[in-house]
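To start, the structure itself, in structure tokens.
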Amino acid sequence: MPTRQRRLGAAVAYVLVLALVGLIACGNDDSPDENASAQSTETTAEPTTTSAAPTTTLPVVPTEDVTFTTGYGVDLVGRRYGEGTTAIVCSHMNQSSKADFAAAGPLLAAEGFMVLAYDNRGDGESGQGLPADRVLDLLAAIDLVRARGAEQVVLLGASRGGTLSLDAAAQTTVDAIVTLSSPPPVAGPAAVAALTAPSLYVNSENDRFADSTQEMFEAANQPKEIEIYPGGDHGVALFVSEPGLVERIAAFISAQTAA
């Protein structure tokens with residue numbers, strides 16, 4: 001089967017899988033977050049992906065459940081998909097888990113990337129810790145993929161996870177950043193001007209953070225790209241309504257990490 005047809009088939013399968021996850025398990029983030037950053041203002045309804053997505057229709061890639069620890073002793077749990085010298089570290093939405101990327105992870109891994117999705121402290125299977133220190137979880141995840149042979153690291157975050165990705169990029173060197181419907185850093189959209197990594201900002205036109213997405217894009221340094229889809233889907237829900245999003249992200253990452 002030609003490559004393009006294979007990718008189209010994978011995208012269709014991906015839509016069905018993620019749609020099933022949304023039907024099986026969805027939740028609402030109504031309680032204020034304890035983190036005193038921009039993430040704490042996020043009250044958009046987000047899926048609580050407590051049920052694993054069936055993977056029979058997804059690409060078959062090497063998969064490994066991993067555990068690792070932050071510098072302050074919080075035990076974290078993650079799942080690695082695929083292998084490669086370019087790693088994509090995926091940070092999930094509020095009141096969710098690594099299952100946000102149960103379909104996108106294998107699809108990105110099939111493009112030749114190592115993909116690590118992890119549970120933040122207090123979420124999924126990870127241990128408890130101060131919510132304000134969640135960025136330490138992402139920094140520990142970055143250290144893990146580098147220890148596994150990653151020569152280039154890309155941060156992919158949805159909603160709160162995107163804000164964490166921007167925060168982490170201000171503290172360590174990464175090769176690219178992709179955010180989906182993310183609130184800006186606590187210092188505001190202009191804070192991304194301090195970042196030097198190539199960035200892709202993705203959102204829908206009616207999302208509550210659509211204006212912030214545009215403002216962050218305008219403040220960001222080159223190279224930068226923006227993708228605004230119709231409708232109002234938030235975060236990983238965009239993977240369902242926009243089945244070409246995985247390929248869009250993969251193309252951006254490939255272009256920014258090419259030798």
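The values are calculated or read from the model by the stated rules, or taken from the named source; none is laboratory data. Quick caveat: nothing in here was measured; it's all calculated off a predicted structure. Don't worry about glycine lacking a Cβ; one is built from the backbone with ideal geometry, like all the others, and counts go over all protein chains shown. Heavy atoms of the whole protein, side chains included, go into the accessibility calculation; ligands, DNA and RNA do not. Shrake-Rupley method; radii C 1.70, N 1.55, O 1.52, S 1.80 Å.
What residue, of G112, G127, is touching a residue at least 24 places away in the same chain (Cβ under 8 Å) and either polar (S, T, N, Q) or out of contact with any Gly (no Cβ under 8 Å at 6 or more places or on another chain) (or both)? Quick ask: steps written out before the conclusion?
Values: G112 fails: either polar (S, T, N, Q) or out of contact with any Gly (no Cβ under 8 Å at 6 or more places or on another chain) (or both).
Among G112, G127, only G127 is touching a residue at least 24 places away in the same chain (Cβ under 8 Å) and either polar (S, T, N, Q) or out of contact with any Gly (no Cβ under 8 Å at 6 or more places or on another chain) (or both).
Go through the stretch 57-75 and count every residue that is touching a strand residue (DSSP E or B) at 6+ places or on another chain (Cβ under 6 Å), surrounded by 12 or more Cβ atoms within 10 Å (Cβ to Cβ) and within 16 Å of M114 (Cβ to Cβ).
5
Conditions tested, residue by residue: (1) open to solvent by 10 Å² or more (accessible area, probe 1.4 Å); (2) touching a strand residue (DSSP E or B) at 6+ places or on another chain (Cβ under 6 Å); (3) under 20 Å from L107 (Cα atoms).
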position	(1), (2), (3)
A219	yes, no, no
Y229	yes, yes, no
A237	yes, no, yes
S254	yes, no, yes
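Hey, among the residues in the stretch 80-103 that are among the aliphatic types (A, V, I, L, M) and out of contact with any Phe, Trp or Tyr (no Cβ under 6 Å at 6 or more places or on another chain), which one's nearest to V178 (Cα to Cα)?
V89
Looking at the stretch 145-165, can you tell me whether even one residue there is open to solvent by less than 10 Å² (accessible area, probe 1.4 Å), on the phi > 0 side of the Ramachandran plot and modelled with pLDDT of 95 or more?
Taking every residue of the stretch 145-165 in turn, at least one turns out to be open to solvent by less than 10 Å² (accessible area, probe 1.4 Å), on the phi > 0 side of the Ramachandran plot and modelled with pLDDT of 95 or more.
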